[in-house]
């Protein structure tokens, strides 16, 4: 029972968000470490757009939402639901310097700060969720 509570929909999204934030932190640190490496191409992590696609689904040509299975025990509708996972993508589109390196230290540092705020918000929400679960368990004892 507790496993079902802790693996519920909201907690699953938050766990995947934390995993994406951890991956993003590693990628940004790798970019910063290679700021002076000739021909190095920066990478970034894609997750939020894929998560939005998972949560809200694709829209058809008329702007209506397509059907999406939200639970494994729902009837299949032709395909399994899409589960967003963070992935690293190399940026080959921009070249800013003569050594063909495309890392901008200012952008990377701003991305690092943004990612830290995102991570802290997720961890605060996870802590709050666990606290609410604990309160509901302890208040029903007796």
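The values are calculated or read from the model by the stated rules, or taken from the named source; none is laboratory data. Predicted, not measured: the structure shown is a model, and the values here were computed from it. Cβ placement follows ideal geometry from the backbone for every residue including glycine, while neighbour counts extend to all protein chains displayed.
Some notes on this structure:
- Among the criteria (1) assigned to a helix (DSSP H, G or I); (2) at pLDDT 95 or above, the one residue 15 does not fulfil is (2).
- Within segment 126-138, residues that are under 21 Å from residue 21 (Cβ atoms) sit with their Cβ atoms under 8 Å from residues that are modelled with pLDDT of 90 or more, at 6+ positions apart or across chains, in these pairs: 126/14; 126/15; 126/18; 129/14.
- Residues being modelled with pLDDT of 95 or more and more than 22 Å from the chain's Cα centre (by Cα) - total across segment 106-138: 1
- Filter result for residue 22 (modelled with pLDDT of 95 or more, touching a helix residue (DSSP H, G or I) at 6+ places or on another chain (Cβ under 7 Å), surrounded by 12 or more Cβ atoms within 10 Å (Cβ to Cβ) and in a helix (DSSP H, G or I)): no
- Selection over segment 36-69 of residues that are in a loop (DSSP other than H, G, I, E, B), under 20 Å from the mean Cα position of the chain (by Cα) and at pLDDT 70 or above gives a count of 2.
- Breaking point among (1) out of contact with any helix residue (DSSP H, G or I) (no Cβ under 9 Å at 6 or more places or on another chain); (2) at pLDDT 85 or above; (3) more than 30 Å from residue 37 (Cβ to Cβ), for residue 92: (3)
- Look at segment 86-108: where a residue is surrounded by 13 or more Cβ atoms within 10 Å (Cβ to Cβ) and a partner is at pLDDT below 90, sitting 6+ places away or on another chain with Cβ atoms under 6 Å, you get 102/94; 102/95; 102/96.
- The residues in segment 87-109 that are over 26 Å from residue 51 (Cα atoms) and part of a helix (DSSP H, G or I) can be counted, and the count is 2.
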